[in-house]
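K.L.:
Sending over a structure as structure tokens; questions will come in a sec.
The values are calculated or read from the model by the stated rules, or taken from the named source; none is laboratory data. All figures in this text were calculated on a predicted structure; none of them were measured in a lab. Glycine also receives a Cβ, built like all others from the backbone with ideal geometry; neighbour counts cover every protein chain displayed. What goes into the accessible areas is simple: the full protein's heavy atoms, side chains included, and nothing from ligands, DNA or RNA. Shrake-Rupley method; radii C 1.70, N 1.55, O 1.52, S 1.80 Å.
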Amino acid sequence: MAADSEVSKPARPKKEPQPLVIPKNATDEQRLKLERLMRNPDKPAPIPERLKEWNPRAPPEFVRDVMGSSAGAGSGEFHVYRHLRRREYQRQEFMDVMSEEQKLDEEFQIKIKDNQVKAEERTAKRRLKRQKLKEKKKAKKAKQENNGTEKDPQKVEDKEMSAEDSEEDGSDD
């Protein structure tokens, strides 16, 4: 039987001996991890899942045995009371932290909206300024062309001829 198992197993390829490299700092450690991942790029990289946020246990709907830390209770009752009290304090602290996070998140969203509005106002103002400059350049260029045609009688005649042609074309309709 031992001979059958030896025959059926294919020979595994021997791994190359890797040199032992001890990272001296965090950069070296990160580099080594990347090198190991890049040796076989087809293999999927392990991505750890995000840890779930801790949630306290919900408070009980109905408490049957209400107790306090007063005299007359049994020796083990105080510890039960203490655990209940600790759990309730944790729940209240958790709710306070969550409300604070929500408040900060809302403030952040408001700040983002304000920044977007301000940026849009600045952009609109600069866009208007660019358009005015562009119109001034066009007007200046048109004025130079008009001045240049008045000086050159040939260009004036050409414009007059083209104007007469366009009038004739319009009257044929």
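K.L.:
Among what's in segment 54-72 and is modelled with pLDDT of 75 or more and touching a Lys or Arg at 6+ places or on another chain (Cβ under 9 Å), pick the residue that is surrounded by the most Cβ atoms within 10 Å (Cβ to Cβ).
P.N.:
We begin by selecting, within segment 54-72, every residue modelled with pLDDT of 75 or more; these are 54-62.
Those still in the list that are touching a Lys or Arg at 6+ places or on another chain (Cβ under 9 Å) too: 56-59.
On the way: PRO56: 14, ARG57: 9, ALA58: 7, PRO59: 11.
Only one residue fits best here, namely PRO56.
K.L.:
Note down all Cβ pairs under 9 Å where the first residue falls in segment 39-50 and is within 20 Å of LYS15 (Cα to Cα), the second is modelled with pLDDT of 85 or more, and they're at least six residues apart or on different chains.
P.N.:
From residues that are within 20 Å of LYS15 (Cα to Cα), the pairs are LYS43/LEU37.
K.L.:
Determine which single condition VAL80 fails, assuming it passes every other condition in (1) surrounded by 11 or more Cβ atoms within 10 Å (Cβ to Cβ); (2) under 22 Å from the mean Cα position of the chain (by Cα).
P.N.:
The one condition VAL80 does not meet is (2).
K.L.:
Please go through segment 35-53 and give me each residue that is open to solvent by less than 90 Å² (accessible area, probe 1.4 Å), outside any loop (DSSP other than H, G, I, E, B) and either under 30 Å from GLU101 (Cα atoms) or among the hydrophobic types (A, V, I, L, M, F, W, C) (or both), ordered by number.
P.N.:
Within segment 35-53, just LEU37 meets the criteria.
K.L.:
Hey, GLN116 hits all of (1) open to solvent by less than 90 Å² (accessible area, probe 1.4 Å); (2) modelled with pLDDT of 95 or more but one; which does it fall short on?
P.N.:
Here GLN116 clears every test but (1).
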